[in-house]
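What follows is a single structure, written as structure tokens, with notes after it.
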Amino acid sequence: MDSLAAAPGTGPATSPLPILRKPRPAARFADLPADRTLVMGILNVTPDSFSDGGKHPTADTAIAHALRMLYAGADIIDVGGESTRPGAEPVSPEEEQRRVLPVIQALVKAGALVSIDTTHASTAAAAVEAGAAIINDVSGLSLEPEMAELVARTKVPYVLTHRRGDAETMNSLADYGNVVEEVIEELKGVRDKLYAAGVTPEQIIVDPGLGFSKDEDQNWQLLKYIGKLDELGHKVLIGASRKRFLGTLLTVAGKAAAPEERDHATAAITAISAANGAWAVRVHDVGPSLDAVKVAARIRH
């Protein structure tokens, strides 16, 4: 399939054959809507992500799925080539780039605003060169401190996620006295490293890291007091989509809900996040969350 083709059944496409679309002007971060919470669509170009690993095994299938999200109204497409779930096997930067760079290049040509979901500075640099406009680093600089210099040099927005440890150790580090206050203080500590490297406050987007080195109760505490993240003075991104703590909440007959059965709960969290002024939510299913942020915006304004 051509990299700029619309997947069947998306937008005005009604033919079973792909419909070619002309390249659009490159999307700009500054042009994102400012009157509502944004919706970031998740694109995992991986074989082992917890929800949709292996569903987009080639560049063409990944691009087709991303275009469906774009035409459904996603403001940003977040492209990742390495699973960040607890216990995931690490991926080399070379393999990660082989997976994501063709996808990023095609989506930028199609007019999407793309973020790169990576913990590797070399992948982030290559993705920005390919047109990515945001770096989303779930490691919080803990794996490659040189990421800070890259963010300062490129001047792109940077998602600073709270996490302790790595994919292998994070679950053993969920020991907090007051999870809300400690997450905020630890985010401030990493922020200081960004400032020291020359990153500006306007570049930083904070993410409390739901599911990363937090147990279920701690995730709910962070969501309950989501408004306290505003004291950091930065845009706030919330990523709860299809995560395990939602599956546990929706347990029926002793069986936790499967990832695909958690989208209604995800949309509920989107509504709560938007009502509390979150800058963006990161989700797998764009449509319900887009509706939720529009409802929240109507009530707020």
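The values are calculated or read from the model by the stated rules, or taken from the named source; none is laboratory data. The model shown is predicted, which means the values in this text are computed figures rather than measured ones. Positions of Cβ are backbone-derived with ideal geometry, glycine not excepted, and every protein chain shown enters the neighbour counts. Accessible surface is based on the protein model in full, side chains and every heavy atom, while ligands, DNA and RNA are left aside. Shrake-Rupley method; radii C 1.70, N 1.55, O 1.52, S 1.80 Å.
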(request) Could you check I204 against (1) free of Cβ contacts under 8 Å to residues at least 40 places away in the same chain; (2) buried (at least 21 other Cβ atoms within 10 Å of the Cβ) and say which number it fails? (result) (1)
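Taking the residues in region 116-144 that are small (G, A, S) and in a helix (DSSP H, G or I) as candidates, determine which candidate is most open to solvent (accessible area, probe 1.4 Å). Step through it out loud before you land on a result.
First, the residues of region 116-144 that are small (G, A, S): 121-122, 124-127, 130-133, 139-140, 142.
If we keep only those that are in a helix (DSSP H, G or I) as well, we get 121-122, 124-127, 130.
Working: A121: 12, S122: 60, A124: 0, A125: 39, A126: 27, A127: 0, A130: 20 Å².
If we take residues in region 116-144 being small (G, A, S) and in a helix (DSSP H, G or I), then S122 is most open to solvent (accessible area, probe 1.4 Å).
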(request) With the checklist (1) within 20 Å of the chain's Cα centre (by Cα); (2) within 23 Å of P90 (Cα to Cα) in hand, flag the one item E146 doesn't pass. (result) (1)
(request) Please verify whether region 161-177 includes one or more residues that are farther than 30 Å from V103 by Cβ, among the hydroxyl-bearing types (S, T, Y) and at pLDDT below 95. (result) yes
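Could you please find all residues in region 286-301 being surrounded by 21 or more Cβ atoms within 10 Å (Cβ to Cβ) and either touching a helix residue (DSSP H, G or I) at 6+ places or on another chain (Cβ under 7 Å) or among the small types (G, A, S) (or both)?
Applying the first criterion (surrounded by 21 or more Cβ atoms within 10 Å (Cβ to Cβ)) to region 286-301 yields 286, 289-290, 292-293, 296.
Passing the criteria: V286, S289, A292, V293, A296.
Please work out if V151 is surrounded by 20 or more Cβ atoms within 10 Å (Cβ to Cβ) and either of a type in the set (S, T, N, Q) or assigned to a strand (DSSP E or B) (or both).
Numbers: surrounded by 20 or more Cβ atoms within 10 Å (Cβ to Cβ): yes; either of a type in the set (S, T, N, Q) or assigned to a strand (DSSP E or B) (or both): no.
No: the conditions fail for V151.
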(request) Show the residue pairs that are 6+ apart or on different chains and have beta-carbon atoms under 8 Å apart, the first residue being within region 23-42 and touching a residue at least 60 places away in the same chain (Cβ under 8 Å), the second being buried (at least 18 other Cβ atoms within 10 Å of the Cβ) and among the aromatic types (F, W, Y). (result) T37/W279; L38/W279
(request) Please verify whether region 192-209 includes one or more residues that are basic (K, R) and within 23 Å of A274 (Cα to Cα). (result) no
(request) State whether one or more residues within region 168-181 are open to solvent by 30 Å² or more (accessible area, probe 1.4 Å), touching an Asp or Glu at 6+ places or on another chain (Cβ under 8 Å) and either among the hydroxyl-bearing types (S, T, Y) or in a loop (DSSP other than H, G, I, E, B) (or both). (result) yes
(request) Can you tell me which residue within region 61-115, out of those that are within 13 Å of N44 (Cα to Cα) and either surrounded by fewer than 19 Cβ atoms within 10 Å (Cβ to Cβ) or among the acidic types (D, E) (or both), is farthest from the chain's Cα centre (by Cα)? (result) T61
(request) Scan region 265-285 residue by residue and report those that are open to solvent by 50 Å² or more (accessible area, probe 1.4 Å) and under 18 Å from A34 (Cβ atoms). (result) A275, N276
(message) Which count do you get for residues in region 227-264 that are open to solvent by less than 20 Å² (accessible area, probe 1.4 Å) and touching a Gly at 6+ places or on another chain (Cβ under 9 Å)?
(response) 5
